[in-house]
Amino acid sequence: MKTRILMVCLGNICRSPLAEGILQSKTNPEKIFVDSAGTGGYHIGNMPDIRSIAVAQKYGIDIHQQKCRKFSPKDFENFDVIYAMDNSNYSNIIALAKNKEEISKVKLLLSEINIETKEVPDPYYDKDEGFEIVFQLIDKACEAIAKKL
Ligand code: 4NP
């Protein structure tokens, strides 16, 4: 059975599509399934933000084919680990959990690495530099996750 990992942010167009693509690039698709979703439903069906596509492309990762979807309570059953990008995403996910087992699947992505920053900042209203910072944070965390898997 594959290990199933879900990356979650608010919009599912900036941070979690990057997390999906980056972790996929570091893991074997025959063993690990990675997906992403957003707790908000503003961009359902859209491709990732052009700035996320660009920064991923810069590092050789293609995420343009991804399609935005909303996080569903069913995801608790379908995934082994659910990574939230920030505390607000974490609270929004936990609010939909039915029991302790579901809650225990949810972690902050940056809890996987030893740095002071515990949240991947929302880059939506930033310039391109924000996307570079976000890429680097997510990349470090995904490297640590891939090593553990
Ligand atoms: P994300 O960024 O949660 O990293 O995908 C955002 C994208 C869109 C919005 C907020 C955050 N929005 O409000 O539309």
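What follows draws every value from the coordinates through simple rules; no lab data is involved. Just so it is clear, the model here is predicted, and its values are computed rather than measured. Using ideal geometry, Cβ is built from the backbone for each residue, glycine included, and neighbour counts are taken over all protein chains shown.
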| remark: Residues whose built amide H sits under 5 Å from the amide H of residue 106, excluding neighbours closer than 5 in sequence, are 82
| task | Just flag the GluC sites (Glu not before Pro) in region 1-106 sitting in loop per DSSP whose Cβ has no more than 10 other Cβ atoms within 10 Å. | result | 30
| From a point 7 Å beyond the Cα of residue 78 in the direction of its Cβ, which residues of region 13-34 have a backbone N at a distance under 17 Å? | 13, 16-17, 20-21, 32-34
| message | Please enumerate, by chain and number, the lysines with C-alpha under 19 Å from the C-alpha of residue 100, excluding those fewer than 8 residues away in the same chain. | response | 74
| said: Taking a virtual spin label 7 Å from the Cα of residue 98 along the C-beta vector, which residues in region 50-84 bring their backbone nitrogen under 19 Å of it? | reply: 71-82
| remark: Too long for a 20 Å Cα-Cα cut-off, among 31/148; 67/147; 26/127, are 67/147; 26/127
| query | Of the chain, which part is the longest with no chymotrypsin sites (Phe, Trp or Tyr not before Pro) in a loop (DSSP not H, G, I, E, B) and with at most 14 other C-beta atoms within 10 angstrom? | reply | 60-124
| query | Going through the DSSP H helices of the chain, which span 30 Å or more along their own axis at the Cα atoms while scoring at least 0.0 as a mean Kyte-Doolittle hydropathy? | reply | 128-148
| note | Checked the chain with the C-alpha gyration tensor, a ≥ b ≥ c its square-rooted eigenvalues, rounded below a/c of 1.5, otherwise prolate if a/b is larger than b/c and oblate if not; verdict rounded
| remark: Taking the chain and counting helices only, DSSP H stretches of n ≥ 4 at -39,500 (n - 2.57) each over all residues, the nearest-500 ellipticity at 222 nm comes to -11500 deg cm²/dmol
| remark: Dipole check, region 5-109, charges on Cβ (K,R +1; D,E -1), about Cα centroid: among 54, 17, 64 the Cα furthest to the positive pole belongs to 54
| message | Using Cα springs under 10 Å in a Gaussian network model of the chain, which residue among 16, 111, 52 shows the largest mean-square fluctuation? | response | 111
| task | Determine the dipole magnitude for the chain: charges of +1 sit on the beta-carbon of Lys and Arg, -1 on that of Asp and Glu, nothing else is charged, the reference point is the Cα centre, and the result goes in debye to the nearest 20. | result | 440 debye
